[in-house]
1. Considering the stretch 450-506 alone, what residues qualify as being of a type in the set (Lys, Arg), surrounded by 15 or more Cβ atoms within 10 Å (Cβ to Cβ) and within 16 Å of ligand 2 (Cβ to nearest atom)?
2. Quick check, is Ser413 away from ligand 2 (no atom under 16 Å from the Cβ) and either under 19 Å from the mean Cα position of the chain (by Cα) or in contact (Cβ under 8 Å) with a residue 60 or more places away in the chain (or both)?
3. Give all pairs with beta carbons closer than 7 Å in which a residue from the stretch 606-629 that is outside the structural domain of Ser145 (by TED's automatic domain parsing) meets a residue that is charged (D, E, K, R) and assigned to a helix (DSSP H, G or I); count only pairs at least 6 apart in sequence or on separate chains.
4. Out of curiosity, is Gln390 farther than 17 Å from Trp481 by Cβ and within 16 Å of ligand 1 (Cβ to nearest atom)?
5. Is it fair to say Gly394 is touching a strand residue (DSSP E or B) at 6+ places or on another chain (Cβ under 8 Å), at positive phi and buried (at least 19 other Cβ atoms within 10 Å of the Cβ)?
6. In the stretch 138-179, how many are among the hydroxyl-bearing types (Ser, Thr, Tyr) and surrounded by 24 or more Cβ atoms within 10 Å (Cβ to Cβ)?
7. Among the residues of the stretch 557-599, write down those that are farther than 15 Å from Val624 by Cα and among the hydrophobic types (A, V, I, L, M, F, W, C).
Amino acid sequence: MSASKEFRARSIAQRDAFWAEQAELIAWQAKPQQICDFSRPPFAKWFVGGTTNLCHNAVDRHAAERPDAPALIFVSTETDTEKTYSFAELQREVERTAAILQSLGVGRGDRVLIYMPMIAEAAFAMLACTRIGAIHSVVFGGFASGSLATRIDDAKPKVIVSAEAGMRGGKVVPYKHLLDEACALAQFPPEKVLMVDRGLEKDFPRTEGRDVDYATLRAQHMDAKVPCVWLESSEPSYILYTSGTTGKPKGVQRDTGGYCVALAASMKHIYCGNPGETMFTTSDIGWVVGHSYIIYGPLIAGMATLMYEGTPLRPDPGIWWSLVEKYKVSVMFSAPTAARVLKKQDPAYLKKYDLSSLRQIFLAGEPLDEPTHEWLMTALDKPVIDNYWQTETGWPILCELPGVEKTPVQLGSPGRPAYGYDLRIFREDGSECGPNEKGIVGIVPPLPPGCLSTVWGDDDRFVRTYFSLFKSPLVYSSFDWGIRDEAGYHKILGRTDDVINVAGHRLGTREIEEAIQAHSAIAEVAVVGVADQLKGQLPLAFAVVKDPARIATADDRAKLEKEVMQTVDGLLGAIARPGRVMFVNGLPKTRSGKMLRRSIQAIAEGRDPGDLTTLDDPSTLDQVRAALG
Ligand code: ATP
Ligand code: MG
């Protein structure tokens, strides 16, 4: 058996021994007494009786050993700022912020909502919370007041940490009025609001008695010494909401010890990050990728993490690669959406910098289409590794393990189950699919360490939402539709909600989208199934072209539509051919860059588009409406 195959097999067959070994990767104040308590399925408790602290593992441990090594590299191309904090400096800043939070009455188990742009103070705030055992709930900066108010009421935070504004593409995005509106809307507004004043918006409104100034309080706590609070392994570390692609976001509750071990293990076996090296993850702290691989993962591994405020295109499309060269980045983590943006730029930008420090780049968040995957691998001349996971799991479900064994990259596939996941593909009746048979991606519990412990404040919803796929067996549903080949490599074909049933044939949206993307004129496409009297459902495609000149006239559009249909016929057969291919300038996506197919489908079927609180650009829905005529 190959090394990685054996590793995977052992993680399931000798579960407790496997995870006991991984637990050695982190520092415990008291060692766990039991590795996994699964006496109350589907709830799993990991490393029972062990006490530890995320901030200790991410900061203090390294500050003691290598105080001057870089820990947090903050780069903003929006405000032209670059600042590196060593582990010792990071610890000092975190202790100051922790002291401020304590002075505002925050203690163990209290919630702190963080509504901030990508600035160093946001990292200090997250680490300060975990340091004192407070539970953070990071809400993506710039979310509208309604979405923010719902999250305030769900978490009932004692304190909100915020800044007056973010920046995007050179423009100031004011936050404070949204925050004030949200506090007014909320049933459980915070007692205090800690404001970082970036100097971007002069005279932003302040509420007397509630709003306090970060710089003023920091000055009072310059020499603060705030010890880490040792938490029992299953005490919560944070709450984080899913992206809201398929409906109302779910509040994922994460534990402490399991998450810390899971991240440490993933940094070793998957991301191959070593102390002293630099990791650059291009996500936002508002998402799970930001939590796990901008903040906690790299720091736990003793790496420096590059926290970047800005777009991939400013000042020019070479910016990311210039940072890789400057900070000798060895591990990079990004998203297919970003890769598709870069694909439209001049490839010369990728060749301009010395990327010799970079070993590999990981992408996650959405299906990675083969043309984009291949393009990026060729352009960078580095392995590009797709990994499939969810807010719920906190770390990869499907991913090859370069830290265990270097396996060749398979285009279009996130590979095999990482380890610890007893992952299977199921038919709708609960039986298991064979190789090359499409089905629902499920995980037989217990979910491994790092995965959600429950839905915040709602154990019932946790069981109902994730474990009610079948009466028996008990299975965690990923809500994704996938397929596995004989060699064990998987492909995610779309969301279970998005499966299109054409005359009895079940097609994943991704299959049709990939076929359409094979046409060289198409940059991006969303396919949805709409009710059809004859066929049950009919696929409709909404596509963005690379060059608008291709669709200048009605004739051009008709011609390209026909070509696209022929491409689908050729690759998948006429059964998958979309009823129509409509051209738009942009597609509706969540703020985390995921396609909102359910809303497109609802509009196409004349229904209400549903929860739109995470929609990034509302004008894209108008375009869909206009295209449908
Ligand atoms: P919600 O659960 O609120 O509807 P969401 O599922 O988009 O939103 P996330 O947790 O951010 O919230 O995203 C996880 C989902 O993203 C996965 O379930 C899957 O559908 C998709 N995904 C993530 N990585 C990949 C990947 N590498 N390949 C294919 N799909 C992926
Ligand atoms: Mg989801």
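1. Listed by number, the list holds a single entry, Arg495.
2. yes
3. Cβ pairs passing all conditions: Gly610/Arg598.
4. For Gln390, the condition - farther than 17 Å from Trp481 by Cβ and within 16 Å of ligand 1 (Cβ to nearest atom) - is not met.
5. yes
6. 2
7. Result: Ala558, Leu560, Val564, Met565, Val568, Leu571, Leu572, Ala574, Ile575, Ala576.
Here is a yes/no grid of residues against (1) buried (at least 22 other Cβ atoms within 10 Å of the Cβ); (2) of a type in the set (Val, Ile, Thr); (3) touching a Gly at 6+ places or on another chain (Cβ under 6 Å):
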residue	(1), (2), (3)
Glu181	no, no, no
Ala184	no, no, no
Lys202	no, no, no
Thr207	no, yes, no
Asp213	no, no, no
Ala219	no, no, no
Tyr241	yes, no, yes
Ala262	yes, no, yes
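The values are calculated or read from the model by the stated rules, or taken from the named source; none is laboratory data. Every value quoted in this text rests on a predicted model; they were computed, and no experiment measured them. Ideal geometry is used to build each Cβ from the backbone, glycine not excepted, and the neighbour counts take in all protein chains shown.
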